[in-house]
1. Hey, among the residues in the stretch 161-190 that are among the small types (Gly, Ala, Ser) and over 20 Å from the mean Cα position of the chain (by Cα), which one's surrounded by the fewest Cβ atoms within 10 Å (Cβ to Cβ)?
2. Return yes when Thr69 is crowded, with 17+ Cβ neighbours inside 10 Å, of a type in the set (Val, Ile, Thr) and within 23 Å of Tyr162 (Cα to Cα) and no when it is not.
3. Out of curiosity, is Phe173 in contact with a helix residue (DSSP H, G or I) (Cβ under 7 Å, 6 or more places away or on another chain) and under 15 Å from Asp87 (Cβ atoms)?
4. Which residue is farthest from Ala192 (Cα to Cα), if the candidates are limited to the stretch 90-128 and must be out of contact with any strand residue (DSSP E or B) (no Cβ under 6 Å at 6 or more places or on another chain) and basic (Lys, Arg)?
5. Residues of the stretch 153-163 being assigned to a loop (DSSP other than H, G, I, E, B) and not aromatic (Phe, Trp, Tyr), which ones?
6. Restricting attention to the stretch 105-133, which residues are under 30 Å from Ala189 (Cβ atoms) and either modelled with pLDDT under 95 or assigned to a strand (DSSP E or B) (or both)?
7. In the stretch 110-123, is there at least one residue being under 22 Å from Val72 (Cα atoms) and exposed (fewer than 13 other Cβ atoms within 10 Å of the Cβ)?
8. Pro49 passes all but one of (1) modelled with pLDDT of 65 or more; (2) surrounded by 10 or more Cβ atoms within 10 Å (Cβ to Cβ); (3) not in a helix (DSSP H, G or I); which number fails?
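The values are calculated or read from the model by the stated rules, or taken from the named source; none is laboratory data. Remember, predicted model here, so these are calculated numbers, not experimental data. Here the Cβ is made from the backbone with ideal geometry for all residues, glycine too, and neighbour counts use every protein chain on show.
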Amino acid sequence: MSICIKRQVDNLLMKRSDHIKRVMAICSIVIIVGTLFLLFSQYRRRFLPIPQTQEEELIPVTYVFDGDTITVAVSGKEERVRLIGIDTPERETKIGEEQCFAEESFAKMESMVLGKIVRLTPDPTQDDRDIYGRLLRYVFLEDGTHVNRHMIAEGYAVEYTYAGRQYQYMKDFQQAESEARQKEIGRWAINACMK
């Protein structure tokens, strides 16, 4: 009788072991598929281009996030755009504070582009998207105004070279910042951050 019970226990343990192996195999497959999905979605957001626009096609600006980030409508899809070569103060930091001259930079960008039509131009020396999935572009108004440069030249932004990677208009932007500092305009004005 004890041999019979032992066999039944052994059979039950083998069945249970087989069941555990199947569950482990299914879990492994789910983990692998999930990991591949996440990797592909990160790759797609960072490296695959948005629907192509014609070189001369102009695109509407639908939202201004801050002084260096806007949202445009491309082929019916909203795309966030980070302007190449500039940096502006944050409207809200991780600790909830606003940096000096953030509202002024935001207001300037909003007055320049919100509800207007712009032309976006990539830079072959830069990635198509940043680590947050935003398009990296130069922004031009219909009249040819280079928005990135204008924000620096008027003292609303600083020249920003990401990770030391030179870009197409770097020298021009650095010169524009130097001139804005010398003129003491925008954020470089003596009392700009004395609130």
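1. Ser178
2. When the stated conditions are applied, Thr69 passes them.
3. The answer is yes for Phe173.
4. So, considering only residues that are out of contact with any strand residue (DSSP E or B) (no Cβ under 6 Å at 6 or more places or on another chain) and basic (Lys, Arg), the one farthest from Ala192 (Cα to Cα) is Lys94.
5. Glu154, Gly155, Ala157, Thr161
6. Matches in the stretch 105-133: Val118 only.
7. yes
8. (1)
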